[in-house]
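Worksheet: the structure to be examined is printed underneath.
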Amino acid sequence: MNNEEHFKNVISHSKEYGFIFPSSEIYDGLSAVYDYGTYGVELKNNIRNYWWKAMVQLNENIVGLDSAIFMHPTIWKASGHVDAFNDPLIDNKDSKKRYRADVLIEEYLAKQADKIEKEVEKAKKRFGEKFDEPLYRSTNPRITEIQTTINNVYSRFKKGMEESDLADLRQIIVDCEIVCPISGTKNWTDVRQFNLMFSTSMGAMEESSNQLYLRPETAQGIFVNFLNVQKTTRMKIPFGIAQTGKAFRNEIVARQFIFRMREFEQMEMQFFVQPGTEIEWYESWKKKRLAWHHNLGFPQTKYRFKDHTKLAHYANAAADIEFEFPFGFKEIEGIHSRTDFDLKSHEKFSGKKLQYFDPELNSSYVPYVVETSIGLDRMVLAILSQSLTKETLEDGTTRDVMNIPHFLAPVKAAVLPLMKKDGLPEKALELFNKLKLHSFCQYDEKDSIGKRYRRQDAIGTPYAITIDHQTLEDNTVTIRDRDTMKQERINMDEVESIVMKKVDITEALKRL
Ligand code: GAP
């Protein structure tokens, strides 16, 4: 199965097995908005819990917050979102489809780079062992020609983005002969800036003074509460504030399932430090965050850092952690050294001091901030796409199995009476009632045992425990491992401790 087919499979599996549904489906859906089903919500809660515990529970110098989605509108002026949270938009006049101009150009550049790689691959096969790749790359006329085009377009594009030169962004699209993927034509409108914030109004009157925004990031709720939290927790710098919650962006190019949504959830932590120490902390948080991802047990080659070449106006260092989704390496988390931009700007706009008195230095200052910001929905997508496997078994049949890390699995164990009679359900319920006190478990007596195993494999349940007639005789049960499908007979009294130890988040936290 190629990546595209795998991705389609992830989307259909998510719907069929109750992970993710399109929003408002009976009304034909709402673009780039999704609902989480029974297993999706469990998975999402478990990932959030893993993040929260790794941040707040394991670090004595990080504390939590849950700020409101509605905030004073001036906050978004101070943060720069009103003036600068824009995407450059272009429409194709024939298909009437709207695109991000920067994405069209980036896709064009990626296609050119792809052409080079294909040429190199062909030459590798042709020349075999004798192939000198660096020499070929630097001398082959076709490759050097494409590379020159890439360099020229990229430097124009970078300048156009930095200077918001919308006319030149359009000209690049025209010069590169980029066509609309729907109409196939080059009939483009001008490029316009489009603000990504959703607005709404508060109160009975729809006056402009009551206009509010749905927050496009959770971070600003942390900045404006910086002193409230610091004073009430008596935290000393360096310390962090963590929060998770919904954010909203009117994304123009909302594609790729839950990768780019209009309503999504972020998990953000702002770490307040002494000015001058921020780069050290930035490096340390980069390492810590990558370790958090690696701890899931997926191949480490699935992750990489990508440094930002163009820094946002507020940052003095920034990198993304990218994950290899079925559609390629893409950002899953951002780590930014945000300087004192946000706090200083809120001081200016609110007229209130947001300074920290440092008892060791005996002076006050506006702290610098290192931010880690991760999309919860992107984590769900990473786990679903990495876990879903179609296996061909020895007897030639296939099974869909979700190899979700045990501590994140929606259902931790399924308790299955072999038959719906002879006292087996009662015995199974006895065990189930013990297990459910620890974690979300399921009792299932419907259909054949084979079908029930398959159902649990498809939602990623690590263990299935079967109660059969032998259980009534000697109190033993079979425990089936999702990944190996091996079954072992153990005493029913041991199930609780064995299973719960294997699925417990504590073991995962210990590894961090
Ligand atoms: N406070 C910094 C901030 O918001 P960002 O890079 O814009 O930075 C952080 O967003 C993370 O939020 C991203 O790495 C991504 O995982 C997630 N994210 C951003 N936009 C998203 C969207 N439209 N849909 C889903 N997740 C999104």
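Quick note: the coordinates plus some simple rules give every number you see, no bench work behind them. Treat the numbers as computed from the prediction; the structure is a model and nothing was measured. Cβ coordinates were reconstructed from backbone atoms using ideal geometry, including for glycine residues, and neighbour counts include every protein chain displayed.
Things worth noting here:
- If R0 equals 56 Å, the separation of the Cβ atoms of Lys486 and Gln112 corresponds to a calculated FRET efficiency of about 0.65.
- To the nearest ten degrees, helix 492-503 and the longest principal axis of the Cα atoms of the chain are 10 degrees apart.
- Residue order for Arg452, Arg192, fewest other beta carbons within 10 angstrom first, comes to Arg192, Arg452.
- Each other residue within a Cβ distance under 15 Å of Glu324 adds +1 if Lys or Arg and -1 if Asp or Glu, for a net charge of 0.
- Positive end of the dipole of the chain (Cβ unit charges, origin at the Cα centre): among Thr218, Val191, Pro299, the Cα lying farthest that way belongs to Val191.
- Label-point separation, Leu361 to Asp395 (7 Å along Cα→Cβ), nm: 7.0 nm
- Dimensionless Rg ratio for region 287-334, taking C-alpha atoms and the 2.2 N^0.38 Å reference: 1.22
- Remark: region 42-130 carries a charge dipole of roughly 520 debye about the Cα centre, counting +1 on each Lys and Arg Cβ and -1 on each Asp and Glu Cβ.
- Under the criterion of Cα pairs below 8 Å and six or more residues apart, the relative contact order for the chain equals 14 percent.
- Applying 1/(1 + (r/R0)^6) with R0 = 22 Å to the Cβ-Cβ distance of Tyr443 and Lys421 gives a FRET efficiency near 0.90.
- Working from label points 7 Å from Cα in the Cα-to-Cβ sense, the Gln57 to Asn86 distance is 4.5 nm.
- Local electrostatic count at Met267 - Lys and Arg +1, Asp and Glu -1, tallied over other residues with Cβ under 13 Å: -1
- Taken about its Cα centre, the chain carries a charge dipole of roughly 360 debye when the Cβ of each Lys and Arg holds +1 and the Cβ of each Asp and Glu holds -1.
- Met202 versus Phe327: modelled label distance in nm, points set 7 Å from Cα along the beta carbon direction: 3.5 nm
- Centre-to-centre, using Cα atoms only, region 1-58 and region 313-356 are separated by 26 Å.
- Local electrostatic count, Lys306, Cβ distance below 15 Å [Lys/Arg +1, Asp/Glu -1]: 0
- When peptides 263-270, 168-175, 293-300 are sorted by average Cβ neighbour count within 10 Å, with the highest value leading, the order is 263-270, 168-175, 293-300.
- Set of lysines near Lys421 by C-alpha distance (under 26 Å), chain-local residues within fewer than 8 positions excluded: Lys412, Lys434, Lys436, Lys446, Lys451, Lys486
- In plain terms, the chain from Thr149 to Lys124 could stretch by 6.7 nm, reckoned as 0.36 nm per residue minus the Cα-Cα distance.
- Axis angle, to the nearest 10 degrees, between helix 341-350 and the longest C-alpha principal axis of the chain: 70 degrees.
- Estimated at 0.36 nm per residue, the fully extended path between Ser183 and Ala68 surpasses their Cα-Cα distance by 37.1 nm.
- Angle in degrees between helix 3-16 and the longest Cα principal axis of the chain, rounded to the nearest 10: 60 degrees
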